Amino acid sequence: MATYEEIYGKRVKEFDSDPTLDSSYEGQVWYDKSSGTLRSVVSFGAWSSGSPLATARFSLAGAGTQTAALAFGGKEPSVSNKTEEYNGSGWSTGGNLGTAVYILGGAGSQTAGLGFGGYRPGNTNATEEYNGSSWTASNTMGTARRSLMGAGIQTAALGAGGNSTTTNVNLTEEYDGTSWTAVNTMGTGRAELGGSGLQTAALAVGAGSPNAQVEEYDGTNWSTGGDLNTGRSIATATGPQTANLAFGPSADCEAYDGTSWTAQPDMGTSRGSMGGGMQSPNTASIGFGGSPGAKADTEEFTNSINVITAGAFSSLPTLNSARWGAGAAGTKAAGIVFGGRNPSISTDLALSEEYNGSSWSEGPDLGQARRVMGRGTGTQTAALAHGGHYSSPSTRYKVAEEYDGSSWTNGGTSTNAHDGTMQIGTQTAAASCGGYDGTNMNETEEYNGTSFSSANTMTYSAYMGAAAGPQTAAVVFAGGFPAVNNSNEYDGTNWTSGNTTLKTNYGIAGNGGNGSQTEAIGAGGYTPGPVYFSSVETYDGTTFATAPSLGTARSELPSAGPNSSFFVAGGLLSTGSGSNLVEEFTPESSVITAKTLTSS
């Protein structure tokens, strides 16, 4: 037997503790003198949570890979024509299918997708092609059916099995980018099966009942493959024929090497009828949506030497005083919250609280108690509050207040008295955008640290939306009332319309200071009804995408900080009460971790 030195060309090293690890240590062994153990960096599989779909649904189709996935169709529970694209971090809106459909077949990539068959209601043989922005109808399949499997790419796809009227079929058809052709049938007629791979090397797994049967396709004939360890129906299969991953409807999953299946770590949530990144290998897979109910969950499976910690919101110590419509500035390590309203005592507040990274303490009061002011601008030692509303007597304010880390003092006075402005910039180079003075406004006023001056108006009118960026490169989005999903970008002179947000939110968190024009974030909000949201959206300068959700749905909550140091505090709950909850956002991270080697 070859020795370690003969294989790797080096001897086992000794370290006082683990060395600084990188990918070069994969497979190497060293002796840790502090613990008296042999250590190594080895790959392992694990599921981690991704950002949720913008629209929860099940029985949808999927295509693409873990970092460039495509989700389309399904049930919400109404039949859906929606398409979403995943970039490895969040989901954004794609072009709608021509016709809503579910339990359909899918194939291809995010920029060259294919959807075929399904139920509308009524079985269909329709085919649509996706070019990365829109769907186009193509030639129909020979046989209308639902609950079929799909595999391949847009110009060389495969559809097999499914249910035609009341009969499970073994029919197989190949697509060449233009037309479908009937080819040799599967060994067994079945529906509700998973499938993936290529037209010349496909895999069909499971079926209704459930079933452990696996069949392999070589481009001409179907043959029996290794059985699943667990019989599955409405399962999802991703990856090539010899590196496949099958999961759902239970939490357990298994990987295929072309011969046999091996158990892998469980998913975080049990569900079936998911979409998946069909071109993803079993070392980097993705599953999204699903049932029971309509799910928005996204999970990623990765087999690597990295321990991946998903991005998420987590709780910070609570505010001393519950409130909604407050202002905020700074970061999650050095933040300040000021003003707002406490509905339990029907009082607008002047109170401010400062956070030092571990606890909140009372700071100096605002000169004027107020709520829904322009906020989010500046830091803990250089914050700006402008406008706002006081209830008794009902008054809207023009005056700004500046905070220097010790006290609040009056600054300049704007032309308009309004509340709910979307505020951008810094204490000495800010802009108040939009707002409400009895009607929605689109006015912009710039602030230089001393005085306000009028600037060009926004292209839409709203208040209490989200805002981010400096005075010369900012973005504002969403707001109300009525709720809108518009966005505008500002270059310091002119406003231009941007893409729409995923949801129509009123009182979305983030009235200023949250990130930049190319890395903005907004959270929470509500629409009339009311329906309160825990959803979070990011903006990359072009597209809005989903992000991990808040732990508690709420609206009119102050927030501050860039994406990597974002926090939300307080807010209005669906019960009508104010909240003292504080949550911070931590982006996804990964780290290489050494393992102790043991004998077995």
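Annotations
- Point-to-point label distance, ASP252-SER304, nm (Cα→Cβ direction, 7 Å offset): 2.8
- Stokes-Einstein D for the chain, Kirkwood Rh over Cα pairs, 10 °C, 1.306 mPa s (µm²/s): 61
- HN-Hα J in Hz across the stretch 492-503 - Karplus 6.51, -1.76, 1.60, θ = phi - 60°, x for Gly and Pro: x, 10, 10, 9, 10, 6, x, 5, 7, 6, 6, 10
- R0 of 35 Å, Cβ-Cβ distance THR543-ARG120: FRET efficiency to nearest 0.05: 0.75
- Convex hull volume of the stretch 46-289 per residue (C-alpha atoms, cubic angstrom): 95
- Euclidean distance of C-alpha centroids, the stretch 166-223 and the stretch 38-100, integer Å: 23
- Remark: spin-label model distance THR200-ASN320 equals 7.2 nm, labels positioned 7 Å along the Cα→Cβ axis.
- Here the residues LYS33, LYS82, ranked from fewest to most Cβ neighbours within 10 Å of their Cβ, fall in the order LYS33, LYS82.
- Subtracting the Cα-Cα distance of SER358 and LYS13 from 0.36 nm times their residue separation leaves 120.1 nm of extension gain.
- The distance linking the stretch 505-571 with the stretch 111-154 is 35 Å (Cα centroid to Cα centroid, whole angstrom).
- Dimensionless Rg ratio for the stretch 323-580, taking C-alpha atoms and the 2.2 N^0.38 Å reference: 0.87
- Distance from the stretch 409-456 to the stretch 357-390 (C-alpha centre basis), Å: 15
- With 0.36 nm allotted per residue and the present C-alpha distance subtracted, the GLU26-ILE592 stretch has 202.8 nm of extension available.
- Beta bridges from DSSP with both residues in the chain: antiparallel share about 95 percent, rounded to the nearest 5.
- Here LYS13 is the anchor, and the lysines within straight C-alpha reach of less than 30 Å, apart from those fewer than 8 places off in the same chain, are LYS33, LYS595.
Quick note: the coordinates plus some simple rules give every number you see, no bench work behind them. Computed from a prediction, not measured in an experiment: that's the story for all the values here. No Cβ is skipped: glycine too gets one built from the backbone with ideal geometry, and neighbour counts run over all protein chains shown.
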